[in-house]
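The values are calculated or read from the model by the stated rules, or taken from the named source; none is laboratory data. Everything numeric here is computed off the predicted structure, so don't read it as measured data. Every residue, glycine among them, receives a Cβ derived from its backbone with ideal geometry; neighbour counts consider all protein chains shown.
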Amino acid sequence: MSSMHHKPTGGNPSRVQFNTRLGVIATTVGSAVGLGNIWRFPYEAGMHGGGAFMLVYLGFIIVIGIPVITAEFIIGRHSGANVYGAFKRLHGSPCWRVVGAIGIVASLMILSFYSVVAGWTADYIVRSVQNFSGAYTQEALHSQFGEFTASWSAVGWTVVFLLANFWILKRGVQKGIEKMSNIMMPALFVLLIVFCINSLLMPGAAEGLRFLFNPDFSKVDSSVMLGAMGQAFFSLSLGLGCLITYASYFSRRTDLVRTAATTASLDTLVAVLAGVMIFPAVFTFSQSPAEGPKLVFEVLPAIFYNMQFGMVWSTLFFVLLFLASLTSTISMSEISIAYFCEERKMSRTVATVLNTVIAITFGSLCSLSFGPLADMTVFGMTMFELFDFVSSNVLLPIGGMLISVFVGWVLSRSVIDDEVGGQGSVRRWLVSLLVICLRYVAPVCILLVFLGGIGLFD
Ligand code: TRP
């Protein structure tokens, strides 16, 4: 966007901003790339038939993902405020603030169960150094992991992770978040490529790739659609104002459309790489792809055993995965922290403590649902599964739909032009396409998939 020709009308110049263009991309991609790509994508794809899931997923990224990311960016930068405050500033009626409230609640739910899995990665750093203490068969790894996730030490790791999260958040937006993302994202990327090459040399490579890339359309049903849509929202950090909050720290120079497209492409690339790394190994070691949340954690050690210097690779990998989870939870936490600070007038420290206390409480319950609390179920789901399902498959799509309707129908066109418009016919064409997506395509798609997924058309 050429700020020379446009006089900026929105934004809030007195607020902290990200320092550099690389910083903007690295933090946004840092928020998007995390356990969603490396842990959640392979297990969701595995449960929903592989190739069919993948294709539907890619469709959602393009048709819903990129437009709604841009919509969140527009709301965030134009208002220069936290999720709740953003809707308050942009629209007089209190109705739209509900979107902000949904975002704050959902972000705390995601933070809770996400920290459990991040805690598992922390434990795996230690196990890597010990070379998985002699659990050399697939069964041994299986039972070792089952025992660990059911134990109190898993709760301990959840807490350790949340304390690390706390420590970085307390240091503030620029120092904490931006610096770490700049170094870590490229490193993770390089490592993934090494592991993909390694997996492609395995005997199960062909079968794994066929599973992931060869769609069997008879498998596409409403639960695959809802799963793929939930995954698209989850992986892009979309639907609860995470990107609204981050965009409120963008400067006027950031090109919102380009940043949205870059974020979506890099995020998708990492998920596909994770799939290429995992599925050949799943078939080589005769695992079931449909195993669920534990899949990746049981397959990865097997991959590392069979590599030269496996211990070094595996330590490096889990350290980077831990850090990638941190850049994601930092972005989730920033939603409620910005709200507590700006709307509830708390100091940053108090707001960060509050965020951490809530997450430790619910995170511990989620962690215990793999062990002592396994029988405590609602609608047949444990606490962990319930938090994941309600936030990813219900609240994120609803939030995303409302955000898209807000920018498509409620926000004035001049605001959209001011934020994403510019010279040239390509740009004008892109903006019109964006508006069509936000007005019709995205909301209708989300609504249909959502209603289908909860069984309305059965
Ligand atoms: N996208 C992140 C991942 O894939 C998770 C995440 C970060 C997130 N911020 C979010 C998910 C906001 C939903 C909403 O790991």
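Brief remarks on what is shown
- Criterion (touching a residue at least 40 places away in the same chain (Cβ under 8 Å), assigned to a loop (DSSP other than H, G, I, E, B), of a type in the set (F, W, Y) and in contact with a Lys or Arg (Cβ under 7 Å, 6 or more places away or on another chain)) met by exactly one of F250, F234: F250
- Counting the residues of the stretch 198-244 that are among the small types (G, A, S) and under 21 Å from E72 (Cβ atoms) gives 7.
- Qualifying residue in the stretch 304-326 (condition: within 16 Å of the ligand (Cβ to nearest atom), modelled with pLDDT of 90 or more and among the polar types (S, T, N, Q)): yes
- Residue list for the stretch 364-382, filter: of a type in the set (A, V, I, L, M) and either over 25 Å from the mean Cα position of the chain (by Cα) or surrounded by fewer than 22 Cβ atoms within 10 Å (Cβ to Cβ) (or both): L365, L373, A374, M376, V378, M381
- Any chance D375 is of a type in the set (D, E) and closer than 29 Å to W96 by Cα: no
- Considering S288, S314, the condition of being within 28 Å of H48 (Cα to Cα), touching a helix residue (DSSP H, G or I) at 6+ places or on another chain (Cβ under 6 Å) and among the polar types (S, T, N, Q) is satisfied by S314 alone.
Yes/no matrix, rows are residues, columns are (1) of a type in the set (K, R); (2) within 13 Å of the ligand (Cβ to nearest atom); (3) modelled with pLDDT of 70 or more:
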| site | (1), (2), (3) |
| --- | --- |
| H5 | no, no, no |
| G10 | no, no, no |
| T20 | no, no, yes |
| V24 | no, no, yes |
| G30 | no, yes, yes |
| N37 | no, yes, yes |
| P42 | no, yes, yes |
| A52 | no, no, yes |
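- Residues located in the stretch 367-396, provided they are closer than 21 Å to F145 by Cβ, away from the ligand (no atom under 16 Å from the Cβ) and in contact with a Ser or Thr (Cβ under 8 Å, 6 or more places away or on another chain): S367, S369, F370, G371, L373, A374, T382, M383, E385
- Filter result for S237 (buried (at least 17 other Cβ atoms within 10 Å of the Cβ) and more than 26 Å from T28 (Cα to Cα)): no
- Condition broken by F145, with the remaining ones in (1) modelled with pLDDT of 95 or more; (2) more than 27 Å from S248 (Cα to Cα) satisfied: (1)
- Residue in the stretch 174-182 that is away from the ligand (no atom under 13 Å from the Cβ), without any contact (Cβ under 8 Å) to a residue 60 or more places away in the chain and over 30 Å from M109 (Cβ atoms) present: no
- Hits in the stretch 310-344 (condition: within 24 Å of V299 (Cα to Cα), among the aliphatic types (A, V, I, L, M) and touching a residue at least 12 places away in the same chain (Cβ under 8 Å)): M311, L316, V319, L320, L321, L323, A324, L326
- Checked against the criterion of being surrounded by fewer than 24 Cβ atoms within 10 Å (Cβ to Cβ), assigned to a helix (DSSP H, G or I) and either within 16 Å of the ligand (Cβ to nearest atom) or not polar (S, T, N, Q) (or both), the candidates T263, T259 yield just one match: T259.
- Number of positions in the stretch 104-122 that are out of contact with any Gly (no Cβ under 9 Å at 6 or more places or on another chain), away from the ligand (no atom under 11 Å from the Cβ) and under 15 Å from L35 (Cβ atoms): 3
- Any helices (runs of 4 or more DSSP H) falling wholly within the stretch 50-115 and containing at least 2 residues that are in contact with a Cys (Cβ under 6 Å, 6 or more places away or on another chain) and surrounded by 24 or more Cβ atoms within 10 Å (Cβ to Cβ): none
- Meets criteria (over 30 Å from Q144 (Cα atoms) and modelled with pLDDT under 95) for S286: no
- The stretch 338-355, residues that are within 16 Å of the ligand (Cβ to nearest atom) and surrounded by fewer than 24 Cβ atoms within 10 Å (Cβ to Cβ): none
- Cβ-Cβ contacts under 7 Å between residues 6 or more apart (or on different chains), taken from a first residue in the stretch 102-124 that is closer than 16 Å to A338 by Cβ to a second residue that is within 10 Å of the ligand (Cβ to nearest atom) and outside any helix (DSSP H, G or I), are listed as I102/L240; G103/L240; G103/G241; A106/L240; S107/L240.
- Single condition S218 does not satisfy, out of (1) surrounded by fewer than 22 Cβ atoms within 10 Å (Cβ to Cβ); (2) of a type in the set (G, A, S); (3) within 11 Å of the ligand (Cβ to nearest atom): (3)
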